[in-house]
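K.L.:
To start, I am sharing the structure in question, which I have written as C-alpha cells.
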Amino acid sequence: MTKFTPYWWEDTPDISLQEQSVSKSVDVAILGAGYSGLSAAIELTRAGRSVQIFEKDSIGKAASTRSGGIASGNLRMSFSGMIEKYGLAQAKAYCGEAIAARHDLMDFVKAEGIDCNYHAVGRFQGAARPSHYESMGREVDNLNKHLGLDAQLIPQSEQHNYLGSDHFYGGTYRPDLNGVHPAKLHYGMYLKALESGAVIHANTAVQQIENNTVGYLLHTERGVVQAKDVIVATNGYTDSATPWLQKRLVPVASMMIATNPISPELMDELFPTRGMACNSNFLHSYFRPSPDGSRVLYGGRAPHKRITDGQIDYSVIETEMKTVLPQLKDIGLSHVWWGFVAMNMDGRPQIAEHNGIHYVGGYCGSGVVWGRWFGRKAAQKILGQPEGQSAFEGQPFKAVPFYKGKPWFLPGVVQWFRLRDKFGL
Ligand SMILES: Cc1cc2nc3c(=O)[nH]c(=O)nc-3n(C[C@H](O)[C@H](O)[C@H](O)COP(=O)(O)OP(=O)(O)OC[C@H]3O[C@@H](n4cnc5c(N)ncnc54)[C@H](O)[C@@H]3O)c2cc1C
C-alpha cells in the first residue's frame, strides 16, 4: 500500500523532544528548525552565544526532510544568463559562492561524521528540447572556462551512460553536484545543534516580533522571550508572524514519489552511475535512485488542488516519470509526499536584514546546500565575522505585488509555465 509520508522518514527516528522551559531571555532567537535554523544555531552556540530555536511544528516535518536530496546549490538562472544580465564578475561571484557552499556542506558532513549518504555522484540534466541542448553547449563552455569546472556536454547517443532514457535530446553532466539522504542530514544537524548547546522548542510557534530598546520581544505560544538578535529561517512555511518576509516569499508545493523496489539490473540500466538527474524545463523535474539503490525517487511541481497528505493527486508526476523512464511502467509506488519550497521575485536565494532582524530563505527549491550556507552566514553576521558577507546580500528583495501570504496567482502562473514547457515558448 502506498504511504503518504516521505520515503526518507523510514530511515530516521521520529524526533520527540522532552519539553523544556522557555528562557525569558536569550542572545539569539531563531524561528524554524530546518537546515537554515539548525545551521545558524550550530555556528552561534559554538561561538558561545545562547540560542533558543522556536519551531511551530514537530522537529523535522518541513521541507528539510522532504526534499530530493540533490545537493547542487542550484541557481535558477544559468551561468550564461547571469553573465548577460549581471556581467561576468558578478556572475562569477554568485556561482563561485554556490561552489563554496557545496564544498562547505561536504566538509561539514565529513568533519562532523554525519551519516547521511552524502556522495559525489554527479548530476545529468536532460535537454527537454533540441534548443535547450544548444544552450547547454554554451553553458558548459562558460562553466569550464570561467569557473574551472569539468562540466560535460553529453550527446543523445551517449546519454544512456548516465540515464536509461530516450526522452531527452542529450544533456549535460556535472560531476561536481552531489546527492544526500536529506532526512539523515537534518537529523545529524539537529543532534549537532543540541550537542553544541542550542535549546530547541518544538510545537512552539513565534506569533509576533516587536522591537524594543534592548533588542526584540518575541511572543511565542509558550510565553514572551527577550532576544538580542533574531534569525528568521522559515522559508516555504513563513507565516504572519513575520509579515515583511511573508510578502516576499511565495510558498510553492513540490511533490515526490518513490517506486517500489526494483531489481539491481533495472537500476543499473536506469541510473548506471547512480547519479542525480533532472530536466531542463522551466517547471523543473528531478529524479534519482534511493541511496541504497533499491528504488527510484521522482519529484516535480505538485498540483494545487487539495494539498493534504493522502489526498494529493499524484497522477501527473507518476505519468511523467513513466514517460521519461518507461521501464517503470508496471512498477507501483511505495511513497507519495509533498512540501513547500519558497520562491521570490528575484529568483536568487536571499539573505537580508530588515529592522535589524536577519532573514534567510527563498532558495527556489534548492535549499539543501543553501540552507546550511545562509543559516551560517546569518550567524556569522551576528557574530560580526567578515565571513558573513555574501554576494547575494543587498540585491533586490521585493515584495510580491498585491500579495500578503495567499498566492492566489499561482495556478495561473504555473499553467503559463506548463504551456511554455509544452510549446517551447
Ligand atoms: C518535495 C521537495 C523536494 C525538494 N528537493 C530538493 C532538492 O533535491 N535539492 C535541494 O537543494 N532542495 C530541495 N528542496 C528544497 C529544500 O528542501 C528547502 O529549500 C530546504 O529544506 C529549506 O530549509 P529551511 O531550513 O530553510 O526551511 P524548512 O526546512 O522548510 O524549515 C522551516 C521551518 O520553519 C518553521 N516555522 C515557520 N513559521 C514559524 C513560526 N512562526 N514559528 C516557529 N517556526 C516556524 C516551519 O514549521 C518549518 O519547520 C525540496 C523541497 C521539497 C518540499
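To keep it simple, each residue is scored yes or no on (1) under 30 Å from residue 161 (Cβ atoms); (2) open to solvent by 20 Å² or more (accessible area, probe 1.4 Å).
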{"residue": "42", "(1), (2)": "no, no"}
{"residue": "55", "(1), (2)": "no, yes"}
{"residue": "69", "(1), (2)": "yes, no"}
{"residue": "76", "(1), (2)": "yes, yes"}
{"residue": "80", "(1), (2)": "yes, no"}
{"residue": "89", "(1), (2)": "no, yes"}
{"residue": "95", "(1), (2)": "yes, no"}
{"residue": "98", "(1), (2)": "yes, no"}
{"residue": "122", "(1), (2)": "yes, no"}
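K.L.:
Have a look at 346, 330, 313, 309 and point out the one that is in a loop (DSSP other than H, G, I, E, B) and either modelled with pLDDT of 95 or more or among the β-branched types (Val, Ile, Thr) (or both). Spell out how you get there, then give the answer.
P.N.:
Working: 346 fails: either modelled with pLDDT of 95 or more or among the β-branched types (Val, Ile, Thr) (or both); 313 fails: either modelled with pLDDT of 95 or more or among the β-branched types (Val, Ile, Thr) (or both); 309 fails: either modelled with pLDDT of 95 or more or among the β-branched types (Val, Ile, Thr) (or both).
Only one candidate passes the filter, namely 330.
K.L.:
Looking for something at pLDDT 95 or above, within 23 Å of residue 279 (Cα to Cα), open to solvent by 50 Å² or more (accessible area, probe 1.4 Å) and outside any loop (DSSP other than H, G, I, E, B) - is there at least one such residue anywhere in segment 102-112? Talk me through it step by step, then tell me what you get.
P.N.:
Here is the first cut: in segment 102-112, the residues at pLDDT 95 or above are 102-112.
Filter once more, so that each one left must be within 23 Å of residue 279 (Cα to Cα): 102.
From the residues that got through so far, the ones that are open to solvent by 50 Å² or more (accessible area, probe 1.4 Å) too are none.
No, because not a single residue in segment 102-112 is at pLDDT 95 or above, within 23 Å of residue 279 (Cα to Cα), open to solvent by 50 Å² or more (accessible area, probe 1.4 Å) and outside any loop (DSSP other than H, G, I, E, B).
K.L.:
Identify, please: which residue in segment 280-305 is in contact (Cβ under 8 Å) with a residue 60 or more places away in the chain and in contact with an Asp or Glu (Cβ under 8 Å, 6 or more places away or on another chain) and is, among those, most open to solvent (accessible area, probe 1.4 Å)?
P.N.:
282
K.L.:
Still on this structure, please answer the following. Scan segment 171-181 for residues that are among the aromatic types (Phe, Trp, Tyr) and assigned to a loop (DSSP other than H, G, I, E, B) and jot them down. Don't jump to the end; show me each part of the working.
P.N.:
The initial filter retains those residues of segment 171-181 that are among the aromatic types (Phe, Trp, Tyr), namely 173.
None; the set is empty.
K.L.:
Which number in (1) among the basic types (Lys, Arg); (2) exposed (fewer than 15 other Cβ atoms within 10 Å of the Cβ); (3) within 13 Å of the ligand (Cβ to nearest atom) marks the one condition that residue 329 misses?
P.N.:
(3)
K.L.:
Would you mind finding the one in 277, 233, 253, 241 that is farther than 30 Å from residue 42 by Cβ and either buried (at least 23 other Cβ atoms within 10 Å of the Cβ) or near the ligand (Cβ under 10 Å from one of its atoms) (or both)?
P.N.:
On the way: 233 fails: farther than 30 Å from residue 42 by Cβ; 253 fails: farther than 30 Å from residue 42 by Cβ; 241 fails: farther than 30 Å from residue 42 by Cβ.
None of the other options fit; the residue is 277.
K.L.:
For segment 353-375, give me each residue that is open to solvent by 20 Å² or more (accessible area, probe 1.4 Å) and farther than 22 Å from residue 176 by Cα.
P.N.:
353, 354, 355, 356, listed by residue number.
K.L.:
Then there is this: In segment 1-59, which residue that is aliphatic (A, V, I, L, M) and in contact with a Leu (Cβ under 6 Å, 6 or more places away or on another chain) is farthest from the ligand (Cβ to nearest atom)?
P.N.:
Of the residues in segment 1-59, the ones aliphatic (A, V, I, L, M) are 1, 15, 17, 22, 26, 28-31, 33, 38, 40-42, 44, 47, 51, 53, 59.
Narrowing further to those that are in contact with a Leu (Cβ under 6 Å, 6 or more places away or on another chain): 28-29, 47, 51.
Numbers: 28: 14, 29: 10, 47: 20, 51: 14 Å.
The extreme case among them is 47.
K.L.:
Can you tell me which of (1) under 30 Å from residue 270 (Cα atoms); (2) open to solvent by 20 Å² or more (accessible area, probe 1.4 Å); (3) touching a Ser or Thr at 6+ places or on another chain (Cβ under 7 Å); (4) within 15 Å of the ligand (Cβ to nearest atom) is the one residue 314 doesn't meet?
P.N.:
For residue 314, the failing item is (3).
K.L.:
Here is a further query. If you check residue 400 against the conditions, is it part of a loop (DSSP other than H, G, I, E, B), surrounded by 17 or more Cβ atoms within 10 Å (Cβ to Cβ), touching a residue at least 40 places away in the same chain (Cβ under 8 Å) and among the β-branched types (Val, Ile, Thr)? Lay out the reasoning, then the answer.
P.N.:
Details: part of a loop (DSSP other than H, G, I, E, B): yes; surrounded by 17 or more Cβ atoms within 10 Å (Cβ to Cβ): yes; touching a residue at least 40 places away in the same chain (Cβ under 8 Å): yes; among the β-branched types (Val, Ile, Thr): yes.
Criteria met by residue 400.
K.L.:
Taking the stated definitions as given, is residue 296 under 20 Å from the mean Cα position of the chain (by Cα) and more than 24 Å from residue 361 (Cα to Cα)? Give the steps one after another, and end with the answer.
P.N.:
Details: under 20 Å from the mean Cα position of the chain (by Cα): yes; more than 24 Å from residue 361 (Cα to Cα): yes.
Spelling it out, residue 296 is indeed under 20 Å from the mean Cα position of the chain (by Cα) and more than 24 Å from residue 361 (Cα to Cα).
K.L.:
Looking at segment 56-79, I want the residues that are more than 25 Å from residue 207 (Cβ to Cβ) and have a partner that is within 7 Å of the ligand (Cβ to nearest atom) and of a type in the set (Gly, Ala, Ser) with Cβ atoms under 7 Å, at least 6 apart or on another chain. Which pairs are those?
P.N.:
What qualifies is 68/299; 72/366; 73/366; 74/366.
K.L.:
Condition check: more than 24 Å from residue 340 (Cβ to Cβ) and at pLDDT 95 or above. Does residue 243 satisfy that? Break it down stepwise before answering.
P.N.:
Values: more than 24 Å from residue 340 (Cβ to Cβ): no; at pLDDT 95 or above: yes.
Judged against the criteria, residue 243 is not a match.
K.L.:
Tell me which residues, restricted to segment 172-211, are over 27 Å from the mean Cα position of the chain (by Cα) and in contact (Cβ under 8 Å) with a residue 12 or more places away in the chain.
P.N.:
Step one: list which residues in segment 172-211 are over 27 Å from the mean Cα position of the chain (by Cα), which gives 210-211.
Matches in segment 172-211: 211 only.
Residue by residue, here is whether (1) under 16 Å from the mean Cα position of the chain (by Cα); (2) among the hydrophobic types (A, V, I, L, M, F, W, C) holds:
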| residue | (1), (2) |
| --- | --- |
| 353 | no, no |
| 363 | yes, no |
| 368 | yes, yes |
| 373 | yes, yes |
| 379 | no, yes |
| 382 | no, yes |
| 389 | no, no |
| 393 | no, no |
| 397 | no, yes |
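K.L.:
Shifting gears a bit: Right, residue 267: more than 15 Å from the ligand (Cβ to nearest atom) and either in a strand (DSSP E or B) or open to solvent by less than 10 Å² (accessible area, probe 1.4 Å) (or both) or not?
P.N.:
On the way: more than 15 Å from the ligand (Cβ to nearest atom): yes; either in a strand (DSSP E or B) or open to solvent by less than 10 Å² (accessible area, probe 1.4 Å) (or both): yes.
Considered against the rule, which asks whether it is more than 15 Å from the ligand (Cβ to nearest atom) and either in a strand (DSSP E or B) or open to solvent by less than 10 Å² (accessible area, probe 1.4 Å) (or both), residue 267 comes out as yes.
K.L.:
Just the residues that are over 21 Å from the mean Cα position of the chain (by Cα) and among the hydrophobic types (A, V, I, L, M, F, W, C), please, taken from segment 16-46. Break it down into steps so the answer makes sense when it comes.
P.N.:
Filtering segment 16-46 for residues over 21 Å from the mean Cα position of the chain (by Cα) gives 16-29, 44-46.
Matches in segment 16-46: 17, 22, 26, 28, 29, 44.
The values are calculated or read from the model by the stated rules, or taken from the named source; none is laboratory data. Here the structure is a predicted model, which is why all the values come from computation and not from measurement. So basically every Cβ, Gly included, is an ideal-geometry build from the backbone, and we count neighbours across all protein chains shown. The area values use the complete protein model at the heavy-atom level, side chains included, leaving out ligands, DNA and RNA. Shrake-Rupley method; radii C 1.70, N 1.55, O 1.52, S 1.80 Å.
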